[in-house]
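This report concerns only the one structure given below.
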Amino acid sequence: QVQLVESGGGWVQAGGSLRLSCAASGSGFSISHMGWYRQAPGKQRDLVALISSGGSTNYVDSVKGRFTISRDNAKNTVYLQMNSLKPEDTAVYYCNVIIGLRGYWGQGTQVTVSS
């Protein structure tokens, strides 16, 4: 059974930084894509950033140049470094990993950016 544990959310003023982490527990699996999504109140959950098993990355336009996704395959962990945060980045952030044909979600971590 794979479980994802997220950490690193919190409150920050506009222009500040936060780093999110998501660790997959368990054994005997190989993770392909890892990603971060976010969901603001009253809105759908949207993709923020993706990273492939080979390290290729993709970002939604609104975070390009400010957010960086990375992964540590030895630790089955994905990170999201968020710089120059804006109030519109406020949301619950969820990690997602693909193992085989199945996707797994983290529990979500709140990020609040005040103006």
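List pairs: first residue in segment 8-31 and within 11 Å of Ser114 (Cβ to Cβ), second residue of a type in the set (Lys, Arg) anywhere in the structure, Cβ distance under 8 angstrom, at least six positions apart or on different chains.
Final answer for the pair search is Ala14/Lys86.
Checking Leu85 against (1) in a strand (DSSP E or B); (2) surrounded by 14 or more Cβ atoms within 10 Å (Cβ to Cβ); (3) touching a Ser or Thr at 6+ places or on another chain (Cβ under 8 Å): exactly one of these is not met. Which one?
(1)
Given the criteria within 16 Å of Glu6 (Cβ to Cβ), surrounded by 15 or more Cβ atoms within 10 Å (Cβ to Cβ) and out of contact with any Leu (no Cβ under 8 Å at 6 or more places or on another chain), does Val78 qualify?
So Val78 passes the test.
Regarding Thr112, is this residue within 14 Å of Gly8 (Cβ to Cβ) and hydroxyl-bearing (Ser, Thr, Tyr)? Walk me through it before giving the result.
Working: within 14 Å of Gly8 (Cβ to Cβ): yes; hydroxyl-bearing (Ser, Thr, Tyr): yes.
Yes; evaluated as a whole, the condition is true for this residue.
Could we say that Asp72 is more than 15 Å from the chain's Cα centre (by Cα) and without any contact (Cβ under 8 Å) to a residue 12 or more places away in the chain here?
On the way: more than 15 Å from the chain's Cα centre (by Cα): no; without any contact (Cβ under 8 Å) to a residue 12 or more places away in the chain: yes.
In short, no.
Can you find, within segment 46-59, the residue that is farthest from the chain's Cα centre (by Cα) among those that are under 20 Å from Ala91 (Cα atoms) and surrounded by 15 or more Cβ atoms within 10 Å (Cβ to Cβ)? Even if it seems obvious, please write down each step before you answer.
Going through segment 46-59, the residues under 20 Å from Ala91 (Cα atoms) turn out to be 46-50, 58-59.
Now narrow it down to the ones that are surrounded by 15 or more Cβ atoms within 10 Å (Cβ to Cβ): 48-50, 59.
On the way: Val48: 7, Ala49: 7, Leu50: 8, Tyr59: 11 Å.
That would be Tyr59.
Would you check if there is a residue in segment 96-115 being over 23 Å from Val2 (Cα atoms), surrounded by 12 or more Cβ atoms within 10 Å (Cβ to Cβ), touching a Phe, Trp or Tyr at 6+ places or on another chain (Cβ under 7 Å) and of a type in the set (A, V, I, L, M)? Talk me through it step by step, then tell me what you get.
The first filter runs over segment 96-115 and keeps only residues over 23 Å from Val2 (Cα atoms), leaving 111-115.
Going one step further and asking which of them are surrounded by 12 or more Cβ atoms within 10 Å (Cβ to Cβ), we end up with 111-113.
Pick out the ones that are also touching a Phe, Trp or Tyr at 6+ places or on another chain (Cβ under 7 Å) and you get 111-112.
Then keep just the ones that are of a type in the set (A, V, I, L, M); that gives 111.
Scanning segment 96-115 turns up at least one residue that is over 23 Å from Val2 (Cα atoms), surrounded by 12 or more Cβ atoms within 10 Å (Cβ to Cβ), touching a Phe, Trp or Tyr at 6+ places or on another chain (Cβ under 7 Å) and of a type in the set (A, V, I, L, M).
Tell me yes or no: at least one residue of segment 65-73 is over 27 Å from Ser25 (Cα atoms) and exposed (fewer than 14 other Cβ atoms within 10 Å of the Cβ). Give the steps one after another, and end with the answer.
The first filter runs over segment 65-73 and keeps only residues over 27 Å from Ser25 (Cα atoms), leaving 65-66.
Still in the list and also exposed (fewer than 14 other Cβ atoms within 10 Å of the Cβ): 65.
Within segment 65-73, one or more residues are over 27 Å from Ser25 (Cα atoms) and exposed (fewer than 14 other Cβ atoms within 10 Å of the Cβ).
How many residues does segment 1-41 hold that are under 11 Å from the mean Cα position of the chain (by Cα) and surrounded by 20 or more Cβ atoms within 10 Å (Cβ to Cβ)?
Within segment 1-41, residues that are under 11 Å from the mean Cα position of the chain (by Cα) and surrounded by 20 or more Cβ atoms within 10 Å (Cβ to Cβ) number 8.
Every number in this text was worked out from the coordinates using simple rules, so none of it is lab data. Since the model is a prediction, treat every value here as computed from it, not as a measurement. Note that we place each Cβ from the backbone using ideal geometry, even for glycine, and neighbour counts take in every protein chain shown.
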